[in-house]
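These notes concern the structure reproduced below.
Readers should treat all values here as calculations from the given coordinates under stated rules, not as data from a laboratory. Because the structure is a prediction, the values reported are computed rather than measured. Reconstructed Cβ throughout: ideal geometry from the backbone, glycine too, with neighbour counts over all protein chains shown.
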Amino acid sequence: MLQLSGAGKRFGPKLLFENADWLITPDERTALVGANGTGKSTLMKVLAGLDGLDYGQVQRTRGMTIGYLPQEGLALAGRTVFDECLSVFDELLGLEKEMEALSAALAELDPASTEYAAAADRYSHIDQRFRAHDGYALDAQVGTVLTGLGFSKADWKRRTEEFSGGWQMRIALAKLLLQKPSLLLLDEPTNHLDLETRNWLEDYLRTYPNGYILISHDRYFLDVTVNKIIEIWNKRLHVYHGNYEKYLAQKAERRAQLEAAYRNQRDQIEHLEAFINRFRYQATKAKQVQSRIKEMEKIERIEIPEEEPVIHFTFPQPPASGRTVVEVSGLSKSYGPKQVLNDVSFTIDRGDRIALVGVNGAGKSTLVRLLSGEDMPTSGLLKLGHNVLAEYFAQDQYKVLDPQARMLDDISRTATKVPDSELRSLLGCFLFSGDDVFKTLGVLSGGERNRYALARILVSPANFLLLDEPTNHLDLRAKDVLLEAIRSFTGTVIFVSHDRYFLDQLATRVFEVEGGKVNVYPGNYEDYLWRKEGGAAELAAATAAAAEVTPMVNASAADVAEVTPTNGSKAKRVNPIKLKQMQERLKFVEEEILRVETLIGEAEQSLGIFESAEETARVTAELGSLREQHAILTGEWEELMLQVEEAVG
């Protein structure tokens with residue numbers, strides 16, 4: 001469908017890639033990856049026909065269509081959202097108008113005339129073409145895509161220029177999805193999407209009838225949407241088959257093989273050099289020496305390109321807070337007549353890592369601002385625990401930075417005990433390298449300043465972090481640094497993120513903001529989805545059904561033979577998805593048992609130190625609750641273990 005041959009491209013004096021060969025097939029499901037500055041977006045523009053090559057050729061199949069979504073910069077105006085999306089079907093809408101005109105003409109023409117026959121033939125031809133392209137369901141197609149991308153029906157009638165840049169990009173994405181081009185090129189399509197919309201886009205792409213190529217910093221999104229990875233590395237294109245997780249494993253294996261080959265070659269070269277140096281001046285060995293020299297000249301030297309250094313950043317650990325970090329009771333928040341939160345109650349404990357989820361506008365950011373003290377509740381109680389020091393990272397955090405301050409000077413004042421070399425390494429992870437660290441903050445874009453503000457929080461954290469969209473504007477490398485740092489953080493974290501991998505790897509509890517309420521779920525985002533989709537109810541039903549089965553007593557050998565599988569038979573096959581869910585739930589329950597046992601130990605230790613009668617009563621009640629929770633989890637673990645063992649035979 002599209003082919004690159006010997007392709008090369010420069011950006012000024014810098015060579016991005018060369019000798020690139022890539023045959024793009026009609027069923028392409030590929031992610032384009034590589035370090036920042038390697039030329040991913042430039043290569044996308046070349047494929048889209050918006051940029052040319054400096055070397056090589058690009059060939060496209062006649063008649064193929066290409067749809068390209070850039071990272072940013074699109075601005076639409078002049079029509080409503082619905083009409084803008086419907087405009088992609090202008091050709092079909094033209095056919096519909098012609099059909100209406102022909103229908104009116106047929107009503108007036110003599111059925112016996114040649115004009116009538118010609119008009120009827122034309123109408124039939126157009127009608128077949130219109131039906132083949134599902135022309136009678138255009139409005140439904142537009143409505144489905146707009147709803148999936150988060151537009152309410154009220155939004156459909158609003159003019160496109162009323163929407164912000166992120167929503168403008170959603171409109172552009174909707175148009176591309178409706179066009180269904182032969183090849184879809186999406187450069188960071190998830191940048192402006194919330195979690196629910198990303199999930200919808202994942203499902204849409206799974207059934208997309210044509211090929212697509214993606215650039216994305218969302219690891220989970222890549223894992224579930226692509227089956228091939230093209231990496232720009234060392235100025236070449238390298239192909240890996242499988243999703244992003246398999247790519248990481250294959251890349252590590254390929255790197256290990258390259259290093260082994262390099263070592264073997266170095267041993268060979270050193271052996272040849274030793275022979276040459278030893279016998280260079282002996283006439284009897286001249287022929288052998290010349291042979292070794294020629295052999296060395298023919299060796300194609302293996303080079304191991306430098307990898308980006310892996311940064312392992314650890315938070316300076318904060319002072320410990322009390323066991324209860326936040327206690328919320330009967331909390332409500334209204335903005336004028338609009339009530340966002342209503343009678344909300346929950347408790348956050350020390351060490352919790354809580355993910356806030358919910359659709360756009362549900363009140364996630366409002367709840368974060370209330371917990372941080374940025375906003376005050378309309379009614380109810382919100383109480384911070386003992387020695388709790390909160391630090392709030394907002395989506396527009398850059399607004400509180402000093403625009404006149406130089407980046408390195410500003411972060412050095414924040415982290416006086418961290419060496420400048422370590423600070424520069426951290427800033428490099430967040431895409432500030434070289435002389436960038438000497439720029440004043442005022443010259444940075446909003447996204448760059450937000451990236452810097454997040455790095456600044458990492459070097460001097462409080463013991464209660466509230467992070468609203470911390471993964472925005474971060475690449476995969478920076479996300480990994482942030483993820484690793486928060487995992488090792490001994491304080492408490494509550495965060496909003498639209499990155500599935502980040503949520504799954506980090507959250508220990510999920511707070512769902514929905515309909516003015518906050519619903520609390522144990523576990524990470526995957527476990528939350530499992531419960532929402534009825535997994536917990538199914539497990540409870542299966543457990544109840546198992547409990548109703550009475551054991552066989554005094555059964556004869558023949559009776560037992562009828563119900564017991566023989567050695568050659570197989571156990572009943574369990575749906576692999578159900579089995580995976582049970583195994584994941586089992587792993588989570590095991591981790592929860594360990595967590596609860598730790599809390600029980602802490603509570604028992606606290607009872608040994610008398611503070612007051614009230615504190616003793618509170619800890620005793622808490623200990624009783626923890627022991628009940630431990631018993632429930634242990635029972636669930638036993639049932640799950642039995643079911644998994646039966647399922648795997």
Volume in Å³ per residue [convex hull over Cα atoms, computed for region 324-531]:
122
How far apart, in nm, are the 7 Å Cα→Cβ label points at Glu590 and Lys417?
3.7
Determine the relative contact order of the chain: mean sequence separation of Cα pairs under 8 Å and six or more apart, normalised by residue count, in whole percent.
12
When only DSSP loop residues count, what trypsin sites (Lys or Arg not before Pro) in region 220-256 have their Cβ near at most 16 other Cβ atoms within 10 Å?
none
Using alpha-carbon positions, the gyration tensor of region 32-82 gives root eigenvalues a ≥ b ≥ c; with a/c under 1.5 called rounded, otherwise prolate if a/b exceeds b/c, else oblate, the class is oblate
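Are any of the pairs Lys175/Lys587; Lys45/Lys97; Lys40/Lys175; Lys153/Lys333; Lys439/Lys479; Lys235/Lys364 more than 31 Å apart by Cα-Cα distance, and if so, which? Write down the numbers at each step before the final one.
Details: Lys175/Lys587 42 Å; Lys45/Lys97 36 Å; Lys40/Lys175 23 Å; Lys153/Lys333 26 Å; Lys439/Lys479 23 Å; Lys235/Lys364 43 Å.
Over 31 Å Cα-Cα: Lys175/Lys587; Lys45/Lys97; Lys235/Lys364.
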So which aspartates and glutamates pass the test for Lys383, namely a Cα distance under 13 Å, with those fewer than 8 places away in the same chain ruled out?
Glu327, Asp349
With θ taken as phi - 60° and the coefficients 6.51, -1.76 and 1.60, list the Karplus ³J(HN,Hα) couplings across region 175-190 in order, rounded to whole Hz; mark glycine and proline as x.
4, 5, 5, 6, 5, 6, x, 4, 9, 9, 10, 10, 9, 6, x, 8
Checking rank on 379-390, 256-267, with mean other Cβ inside 10 Å and highest first, the result is 379-390, 256-267
From DSSP H assignment alone, runs of 4+ in the chain each adding -39500 (n - 2.57), the sum over residues rounded to the nearest 500 puts [θ] at 222 nm at -15000 deg cm²/dmol
What is the packing order of peptides 367-374, 54-61, taking the mean over residues of other C-beta atoms within 10 Å and listing the highest first?
367-374, 54-61
